1. So which residues in the range 43-61 are surrounded by fewer than 22 Cβ atoms within 10 Å (Cβ to Cβ) and within 20 Å of VAL96 (Cβ to Cβ), if there are any at all?
2. Return a yes/no flag: does the range 70-92 have any residue that is open to solvent by 10 Å² or more (accessible area, probe 1.4 Å), within 14 Å of the ligand (Cβ to nearest atom), part of a helix (DSSP H, G or I) and modelled with pLDDT of 95 or more.
3. Against the condition in contact with a helix residue (DSSP H, G or I) (Cβ under 7 Å, 6 or more places away or on another chain), in a helix (DSSP H, G or I) and surrounded by fewer than 20 Cβ atoms within 10 Å (Cβ to Cβ), how does GLY95 come out, does it pass?
4. May I ask you to list the residues in the range 185-220 that are open to solvent by 40 Å² or more (accessible area, probe 1.4 Å) and over 13 Å from PHE173 (Cβ atoms)?
5. Given the condition out of contact with any helix residue (DSSP H, G or I) (no Cβ under 7 Å at 6 or more places or on another chain) and open to solvent by 10 Å² or more (accessible area, probe 1.4 Å), answer yes or no: does some residue in the range 135-143 qualify?
6. Filter the range 100-116 for residues that are open to solvent by 40 Å² or more (accessible area, probe 1.4 Å) and of a type outside the set (Gly, Ala, Ser); which is nearest to the ligand (Cβ to nearest atom)?
7. Look at the range 289-310 and say how many of its residues are over 30 Å from ALA246 (Cα atoms) and open to solvent by 70 Å² or more (accessible area, probe 1.4 Å).
8. Could you give me the residue pairs with C-beta distances under 7 Å whose first residue belongs to the range 225-244 and is acidic (Asp, Glu), whose second residue is open to solvent by 10 Å² or more (accessible area, probe 1.4 Å) and more than 16 Å from the ligand (Cβ to nearest atom) wherever it lies, and which are 6+ apart or on separate chains?
Amino acid sequence: MKKSLLVTVLVLSICGAGLFANGAGESLDIGLAMPETHVERWQKDGASLLEDAIAKGYNAEVTYGDADQSKQNQQIEDFITKGAKLLIVGSVNEGVGSVVADAASEGIDVIAYDRLITGSGDYDYYITFDNFKVGQFQGQGIVDALMLDKATDTKYITLFAGSPTDNNANFFFDGAMSILTPYIEKGVLEVVGPYPKTSADKANFTKIATENWKADIAKARMENLLNNDASGVVLDAVLAPNDTLARAIIEACSTDAKYDTTETLPVVTGQDGEVASVKYIRDGKQAMTVFKDTRSLAAAAIELADALLKGEEPMIAGARLDTSSYDTGKKVVKSYLLEPVMVTKDNYKEVFLDSGYYMADDLK
Ligand code: BGC
């Protein structure tokens, strides 16, 4: 093999280990470990984090864990071997704790990204959106769409939650139930199927949770509900925790004669602003989503990383510092919270097109 070709092959194979490496051959500054790609947002998070880290002059690399914690742990161990000085980790589940402990023992800072790393006392910083508020928006989306403030008859709802291994799923659900519970108590809203009042009711929460946020699991559960618990009623709403699961639920409903037109579909919530769901909102198939601008979260995370690497006091523009709410079970970590935005048919254009998150062509 010619020498130049050999060098090219070597560089490509080094880069191939992660999705991108800046300045191959130099040691890594920041390792960016994202949990999965089956939920669209993480590819955007990964791309923005990489871009922002490089723009600040850091060598950075991003990996995706395919919702498999042992795979992500290997990716993080590789970052440590490559000399990473800081890790930004959107974890799959708390099984990441062992590699976070390894990082800590080598003096490497870890920032928990979007998802709290529970069960670990080996890191100090967490950056995310106000996840309780995300859930409140989902609850409010249902209240508004069903006009529950004026309702005199009973509306029927069934409940879904995110992954039982993702701490965010608790916040989303509890936020939503904080809005819905008064209507349930008043009798204008009735839960069909398992009914945890909060995520703390683990026996029932497990029944509505969706392992690893997998669409096929939510779809199968919705089909099952339609044929069993919900067979005798017409559902008015489904609390769905994100857009990926919302569309799976809508797909399941569409095959049932009771819900097979846009007008007869139940009100379904979501979050993330995935392009397919924004189109559903425009077309009246999905009621709402919650926009969490991954560009802002990535920029804020890299600002935080930059401050930590320089030994400076972090000042994160647009984020609220919360030093009391996020307890890993081992310690309360310093958390920076960004603001989510509620989106319906009324404002989807302003939110997604005016902000440049999507181009008009993306929504065709
Ligand atoms: C994130 C959501 C995402 C979900 C599934 C959560 O931790 O906050 O934005 O939809 O994971 O990937």
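The values are calculated or read from the model by the stated rules, or taken from the named source; none is laboratory data. Remember, it's a predicted structure, so these values are computed and weren't measured experimentally. Methodologically, a virtual Cβ is constructed for each residue, glycine included, from the backbone with ideal geometry; neighbour enumeration extends over all protein chains shown. For accessibility, only protein heavy atoms count, side chains too; no ligands or nucleic acids. Shrake-Rupley method; radii C 1.70, N 1.55, O 1.52, S 1.80 Å.
1. Of everything in the range 43-61, just one residue is surrounded by fewer than 22 Cβ atoms within 10 Å (Cβ to Cβ) and within 20 Å of VAL96 (Cβ to Cβ), namely GLN43.
2. Residues of the range 70-92 open to solvent by 10 Å² or more (accessible area, probe 1.4 Å): 70-71, 73-75, 77-78, 80-83, 85.
Remaining after also requiring within 14 Å of the ligand (Cβ to nearest atom): none.
Within the range 70-92, none of the residues are open to solvent by 10 Å² or more (accessible area, probe 1.4 Å), within 14 Å of the ligand (Cβ to nearest atom), part of a helix (DSSP H, G or I) and modelled with pLDDT of 95 or more.
3. Numbers: in contact with a helix residue (DSSP H, G or I) (Cβ under 7 Å, 6 or more places away or on another chain): yes; in a helix (DSSP H, G or I): yes; surrounded by fewer than 20 Cβ atoms within 10 Å (Cβ to Cβ): yes.
When the stated conditions are applied, GLY95 passes them.
4. Answer for the range 185-220, where residues must be open to solvent by 40 Å² or more (accessible area, probe 1.4 Å) and over 13 Å from PHE173 (Cβ atoms): GLU185, LYS186, GLU190, ALA203, GLU211, LYS214, ASP216, ILE217, LYS219, ALA220.
5. Residues of the range 135-143 that are out of contact with any helix residue (DSSP H, G or I) (no Cβ under 7 Å at 6 or more places or on another chain), as a first pass: 137, 141.
Filter once more, so that each one left must be open to solvent by 10 Å² or more (accessible area, probe 1.4 Å): 137.
Checked against the condition, which is being out of contact with any helix residue (DSSP H, G or I) (no Cβ under 7 Å at 6 or more places or on another chain) and open to solvent by 10 Å² or more (accessible area, probe 1.4 Å), the range 135-143 yields at least one hit.
6. Looking at the filtered set, the residue picked out is ASP109.
7. Of all residues in the range 289-310, those over 30 Å from ALA246 (Cα atoms) come to 302-310.
If we keep only those that are open to solvent by 70 Å² or more (accessible area, probe 1.4 Å) too, we end up with 310.
The qualifying residues number 1.
8. ASP229/VAL192; ASP229/GLY193; ASP236/LEU146; ASP236/LYS155; ASP236/TYR156; ASP236/VAL267
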